[in-house]
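Asks: Got a structure for you, questions after.
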C-alpha cells in the first residue's frame, strides 16, 4: 500500500462542506435553522416598509379635485409693489410688480401638508404673462378647519418708472391684470384653485391708479 493510499485521497475540495454538514441545515430544529430566520427577517423588513410607505405616501395621496375642494382662500388683497431699483446708464428708477396675498383654510376632513402654490400673473387684454411667483407652504400639517399665516405671491416683473408717484402721470399705459393661483400637494399634480383680479393700488399709496 502506498503512502497516498494510507493517507486517503491526495486531493480534496478545500473548505467544501461534508455530507453531514449539508444535511445539518435540513434536519436540525427549525428554531435553530439560520435560513428560516433569514427568511423571517426579510419578511419583517418588507412588512415594515409597506406600513411606512402606506402612512407616508398612500394615506397622504390626494387627487386634483380633492385638493381644490380642500383649499379655501380668504382675506385676499392685491397691489403693485416696488421689487427692484434700477440704476442703468440709460435708466434710473424702479420696477413695480403685481402681487396677491391671502390666507388658506383647510375645509377638508384630512390634514393638508406641503402645498406648493404658484401664481401666474397675466394682462387681461392679451393674456400675456407678466411673471410668476411661487411658495411651498404648510410644512407643518394644517388640520381640518385650520387657517394658515398670510401667503404672498409676487410676479417679480412689471412696469418701470422713475418713481412710484410717477405712475400717476402715465395712467394711459396702465393695463388691468389678474393672477391665476395653482396648487400641488404630494402626488396630486398642479391644479387651478382660483383667479384674482389685481388692483391698481401701489404699495404705500392710499389711492388706486385710475384710468381715464
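The values are calculated or read from the model by the stated rules, or taken from the named source; none is laboratory data. As the structure is a computational prediction, the values presented were derived from the model and not from experiment. Every residue, glycine as well, gets a Cβ built from its backbone with ideal geometry; the counts of neighbours run over all protein chains shown.
Asks: Output the residues belonging to segment 118-128 that are within 22 Å of residue 62 (Cβ to Cβ) and buried (at least 19 other Cβ atoms within 10 Å of the Cβ).
Replies: The answer is 119, 120.
Let's see how each residue does on (1) surrounded by 18 or more Cβ atoms within 10 Å (Cβ to Cβ); (2) part of a loop (DSSP other than H, G, I, E, B):
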| position | (1), (2) |
| --- | --- |
| 75 | no, no |
| 80 | yes, no |
| 84 | no, no |
| 96 | yes, no |
| 99 | yes, no |
| 116 | no, no |
| 130 | yes, no |
| 153 | yes, no |
| 156 | no, yes |
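Asks: Are any residues in segment 158-186 part of a loop (DSSP other than H, G, I, E, B) and modelled with pLDDT under 85, and if so, which ones?
Replies: So the first thing to find is which residues in segment 158-186 are part of a loop (DSSP other than H, G, I, E, B), and the list is 158, 162-164, 174-176, 186.
The answer is 162, 163, 164, 174.
Asks: Run residue 145 past the list (1) at pLDDT 95 or above; (2) buried (at least 18 other Cβ atoms within 10 Å of the Cβ); (3) not in a strand (DSSP E or B) and report the number of the one that doesn't hold.
Replies: Just one mismatch for residue 145, condition (2).
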